[in-house]
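What follows is a set of notes on a single structure, which appears directly below.
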Amino acid sequence: MLAASAPVSLSVPDIGLTTPLLSLGRDAKGEAEVPPGEAGSPAGWYKYSPTPGEQGPSVILGHVNTTTIPEGVFYRLHELKPGEQFSVSRADGSVLVFGVDRTEIFQKASFPTLAVYGNTDRAEIRLITCGGYEPSTGEFVENTVVYGHLLSSTK
Amino acid sequence: MNKKSALLIAPALALAAMTFSSGAAMAADNGTSTFETNLGAINGSNATGSVWITLTGDQATVTENVSGLAATFNGAAYPHAQHIHIDGAGVCPAPSADTSGDGVISTTEGGPSYGKIGTTLSTSGDTSDKAALDLAVAGMGASYKYERTFTMNAETIASMKAGKAVVVVHGLDPATLPAAAQKEMSDLAPTLPLAATSPALCGTLAVSQMAAMPGGAPGTGVTTALAPTNASTSPDVAWFVGGGALVLAAGGALALGRKRTVAAHKSTVAK
Ligand SMILES: [Cu+2]
């Protein structure tokens, strides 16, 4: 595990994705902020979670869609398979490789906070987007969460 | 899986440009600290749960989700007394804690492991140990969500920071006890059966690796409300504008209708 350093970009070759990373806080209701909704918007790191490489669950949020086109930054996130790898570049110049452990889909109404954000005994990461679009209400009713853990780092 | 073909196309925005930079690693908000624990079954309750506590000064917000507890007692919702125990070993009792050998770890027998009652997680009113056995303000039923903000006493705060605070939810289904134990009376309240006050869930509070726990489910789908028949119903436009490291360039107007997709917060115990 590594010392703290903010992430600057995420690369997930298996789904053709490279994105800079915003820094996301919390809104007045205590919910995690999300990136803007426009096409081309990046994903973001929730700044009150551990930085990637630190012990604990580092949280990266990205939209599944956009205001204008269906393809948001995490449009293809659900395609990731266990064992596939992706990387995060950090402000300190390090590049960290993570392996996918699993993907889980949760109903938003019963989102299991500690199962996603709870303490871990190694450096882990969560890539999170939405799913389960419900045309009758215009809402997304699910979250897709990709769980990964740190495999290696180079600097 | 995801219903991609049906994604809603929302209006384009008058967003001129944006720039962004990565943020620095962040300490907790203004002295806020967060504690958490997963609750494990005791006495074969087969229940599960989780608790996290956000503490700012002496103001604690406790959020708890439990399921699989005993559902009914005398035909009504089963009251589950719940406490933060302090000043013990800071652990949940092992089977060997059952010193009487009746097959049930009573609250008293668990005492050396998790300690005395520091705070009662009551649904209203008193949160001290004096409310410990007030079943009218206990958690109710098999599954519930509890969220309450209250002034936490100094002893509980100190124990929590020392890693010695243990959340215990009480109340077993009597039918799950060994036959002899079903006839025993409570070690705490002689008018109640042993099952009613014995521990069912337990977890030691640890400092969270999250400086601040996000509430609710992430709003990572861009949505707009369906055109309301009542035009006065405007979508929720509260949105992320420059709250983090994101800076909108001059002339950029961000006015996006993003309807909240979840309202998971409840101020009191709810089914
Ligand atoms: Cu107790």
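The values are calculated or read from the model by the stated rules, or taken from the named source; none is laboratory data. No experiment lies behind these values; they were computed from the predicted model shown. Because the Cβ atoms are built from the backbone with ideal geometry, glycine has one as well, and the counts that use them run over all protein chains shown.
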Checking the structure you have, find out if any residue of the range B:129-138 is assigned by TED's automatic domain parsing to the domain that holds B:Ala175, at pLDDT below 95, in contact with a Pro (Cβ under 6 Å, 6 or more places away or on another chain) and within 26 Å of B:Leu177 (Cα to Cα).
yes
Yes or no: B:Thr72 surrounded by fewer than 23 Cβ atoms within 10 Å (Cβ to Cβ) and within 14 Å of the ligand (Cβ to nearest atom)?
no
Whether any residue in the range A:20-42 is buried (at least 20 other Cβ atoms within 10 Å of the Cβ), more than 7 Å from chain B (Cβ to nearest Cβ), in contact with a Pro (Cβ under 7 Å, 6 or more places away or on another chain) and within 15 Å of A:Arg126 (Cα to Cα) is what I want to check.
no
Can you confirm whether B:Glu147 is more than 16 Å from the ligand (Cβ to nearest atom) and among the acidic types (Asp, Glu)?
yes
Give the residue, chosen from A:Glu71, A:Glu139, A:Glu84, that is modelled with pLDDT of 95 or more and of a type in the set (Asp, Glu).
A:Glu84
Residue count for the range B:113-128, restricted to those that are of a type outside the set (A, V, I, L, M, F, W, C), near the ligand (Cβ under 10 Å from one of its atoms) and on the phi < 0 side of the Ramachandran plot:
5
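Give A:Ser153, A:Ser89 a once-over and let me know the one that is more than 7 Å from chain B (Cβ to nearest Cβ), at pLDDT 95 or above and over 16 Å from the mean Cα position of the chain (by Cα).
One residue alone meets the criteria, A:Ser153.
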Selection over the range B:61-104 where residues are over 30 Å from A:Gly30 (Cβ atoms) and in a strand (DSSP E or B) yields a count of 4
Which of the residues belonging to the range A:55-81 are under 26 Å from A:Ala3 (Cα atoms) and more than 8 Å from every other protein chain (Cβ to nearest Cβ)?
A:Ser58, A:Ile60
Taking the stated definitions as given, is B:Leu246 surrounded by 17 or more Cβ atoms within 10 Å (Cβ to Cβ) and either more than 16 Å from the ligand (Cβ to nearest atom) or modelled with pLDDT under 95 (or both)?
yes
So, A:Lys108, is that one out of contact with any helix residue (DSSP H, G or I) (no Cβ under 8 Å at 6 or more places or on another chain), within 9 Å of chain B (Cβ to nearest Cβ) and not aromatic (Phe, Trp, Tyr) or not?
yes
Scan the range B:23-44 and tell me whether some residue there is hydroxyl-bearing (Ser, Thr, Tyr) and at pLDDT below 95.
yes
Only residues that are within 13 Å of the ligand (Cβ to nearest atom) and either out of contact with any helix residue (DSSP H, G or I) (no Cβ under 9 Å at 6 or more places or on another chain) or within 14 Å of another protein chain (Cβ to nearest Cβ) (or both): list them for the range B:81-110, please.
B:Gln82, B:Thr108
Taking the conditions exactly as written (surrounded by fewer than 19 Cβ atoms within 10 Å (Cβ to Cβ), facing chain A (nearest Cβ under 9 Å), under 29 Å from the mean Cα position of the chain (by Cα) and at pLDDT 65 or above), does B:Asn65 satisfy them or not?
no
May I ask you to say which residue of B:Thr99, B:Thr108 is touching a residue at least 40 places away in the same chain (Cβ under 8 Å) and within 22 Å of B:Ala181 (Cα to Cα)?
B:Thr108
Every residue in the range B:29-52 that is more than 16 Å from the ligand (Cβ to nearest atom), part of a strand (DSSP E or B) and out of contact with any Pro (no Cβ under 9 Å at 6 or more places or on another chain), please.
B:Thr32, B:Ser33, B:Thr34, B:Phe35, B:Glu36, B:Asn38, B:Thr48, B:Trp52
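Any residue in the range A:115-126 that is on the phi > 0 side of the Ramachandran plot and more than 12 Å from the chain's Cα centre (by Cα)?
Within the range A:115-126, none of the residues are on the phi > 0 side of the Ramachandran plot and more than 12 Å from the chain's Cα centre (by Cα).
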